[in-house]
Amino acid sequence: MRTWFERLAVMSFVISNAVACSAKSTLSSDLTVGASSSAKSAEAISGSKQLLDQKISKETKFKGVQGFLVKDSERLRNTINECLDAGLLSIKASMITAAAADAAAGRKVILGQTFSGALTSGKDIVEVLAADLYDPLLVARTDTSAGTLTLDYLGALATVADVVAWNCDFANPSARCNCGAPDGAKKILQRCIPSYSDAQIDNVAKVFASRCSGDLASKRAALASFLSSSTFAEAR
């Protein structure tokens, strides 16, 4: 059975213990692309809760905000809309129904039938998963906070990442979510994790681009892997 570190590497794109405010932070080793479907993400993050708890128990300051280690649902939505493209969070029927999936565009079924109701209600994926992503409007929440990285959060983030990657128009070279070229990959990293220096980003931009330069399915997997990483969740 894989260790928790191996499993997290599958869905992480940047080193999981990087601290955004530290000059010694690096974006090196967990460039293993993998976080794909929501079904797989549940397996990828299952178990090893004790190890995860050990990691997240060390709360650190990020950009001067004490205790806030991960983005709540509203901050996550705003970050994606600002650093990538607007409209990438919408749930489409093709994400749920196999007959509608577009294999030629690297798109496949990534959501279960339980998400069908969101189509009629007009909710986006962040709205549907807001509670697990720490909805700032949720009152009387006592068990979790936006300063806690939990298994539920990681699972929800992986699903959000799959939806964003599914919606990305990789055929459009000017799409802000297109990571296929080194320059495009670097700009994504600069916009999405602005607390990291260019020197840190330079080291991984080329690898990001190489992972994102294959077929459309590989491009979607590469983008989803970065967006489901703890670095993206934590960086402000």
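The values are calculated or read from the model by the stated rules, or taken from the named source; none is laboratory data. This is a predicted model, so every value here is computed, not measured. For neighbour counting, all protein chains shown are included, and Cβ atoms are generated from backbone atoms with ideal geometry for every residue, glycine included.
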Can you find, within region 176-186, the residue that is farthest from A103 (Cα to Cα) among those that are at pLDDT below 90 and assigned to a loop (DSSP other than H, G, I, E, B)? A181
Is it true that N81 is on the phi < 0 side of the Ramachandran plot, of a type outside the set (A, V, I, L, M), touching a strand residue (DSSP E or B) at 6+ places or on another chain (Cβ under 9 Å) and at pLDDT 90 or above? no
So how many residues does region 113-165 have that are assigned to a loop (DSSP other than H, G, I, E, B) and modelled with pLDDT of 85 or more? 10
The listed residue being without any contact (Cβ under 8 Å) to a residue 24 or more places away in the chain, more than 21 Å from I110 (Cβ to Cβ) and assigned to a loop (DSSP other than H, G, I, E, B), out of P173, P194: P173
Taking region 210-236 and the residues there that are touching a Lys or Arg at 6+ places or on another chain (Cβ under 8 Å) and closer than 15 Å to P182 by Cα, the one that is surrounded by the fewest Cβ atoms within 10 Å (Cβ to Cβ) would be S213
Residues satisfying the stated conditions in region 73-88, i.e. under 17 Å from T231 (Cα atoms) and of a type outside the set (D, E, K, R): S73, L76, N78, T79, I80, C83, L84
Of the numbered conditions (1) modelled with pLDDT of 90 or more; (2) of a type in the set (D, E, K, R); (3) on the phi > 0 side of the Ramachandran plot, K63 fails exactly one; give the number of that condition. (1)
Flagged pairs (Cβ under 8 angstrom, 6 or more apart or on separate chains; first in region 70-83, farther than 16 Å from T159 by Cβ; second of a type in the set (V, I, T)) are C83/I188
Flagged in region 93-106 as crowded, with 17+ Cβ neighbours inside 10 Å and either farther than 11 Å from W166 by Cα or modelled with pLDDT of 90 or more (or both), in numbering order, are S94, M95, I96
Being more than 18 Å from T231 (Cα to Cα) and in contact (Cβ under 8 Å) with a residue 24 or more places away in the chain: is that true of A105 here? yes
